[in-house]
């Protein structure tokens, strides 16, 4: 599945405008949004269908984004992930026990 091209992104322009209004997101290139310095959301196309990949944890999850209903659902998912727009950037989900302790350098 390829990343969405200009023609596909044209179809998503009303959705892109709503995403641009979310101050926590930064659009690095058309249709590619970052949150806290990390890639957060981008789009793919396959045949006539459009999809959004959203980073809800360490990995991206794919959601349909072709119809108005799908786009509205996507906005709800993104809004919930961002909270009030002032949420901190997503962090790794590794458990504290998995992190390596710092070595004593004395």
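Quick look at the numbers
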quantity	calculated
Members of the range 62-72 found to be surrounded by 14 or more Cβ atoms within 10 Å (Cβ to Cβ) and part of a helix (DSSP H, G or I), listed by number	70, 71
Count of the range 3-35 residues which are farther than 15 Å from residue 72 by Cα, touching a residue at least 24 places away in the same chain (Cβ under 8 Å) and touching a strand residue (DSSP E or B) at 6+ places or on another chain (Cβ under 9 Å)	9
Some residue of the range 24-39 being at positive phi and in contact with a helix residue (DSSP H, G or I) (Cβ under 6 Å, 6 or more places away or on another chain)	yes
Boolean, residue 56 is surrounded by 11 or more Cβ atoms within 10 Å (Cβ to Cβ) and in contact with a strand residue (DSSP E or B) (Cβ under 7 Å, 6 or more places away or on another chain)	no
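Residue-by-condition table, conditions (1) at pLDDT 50 or above; (2) in a helix (DSSP H, G or I); (3) more than 28 Å from residue 1 (Cβ to Cβ):
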| residue | (1), (2), (3) |
| --- | --- |
| 34 | yes, no, no |
| 43 | yes, no, no |
| 50 | yes, no, no |
| 54 | yes, no, no |
| 74 | yes, yes, no |
| 87 | no, no, yes |
| 93 | no, no, no |
| 97 | no, yes, yes |
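The values are calculated or read from the model by the stated rules, or taken from the named source; none is laboratory data. It should be emphasised that the depicted structure is a prediction, and the values quoted were computed from it without experimental measurement. Glycine gets a Cβ as well: all are built from the backbone with ideal geometry, and neighbour counts include every protein chain shown.
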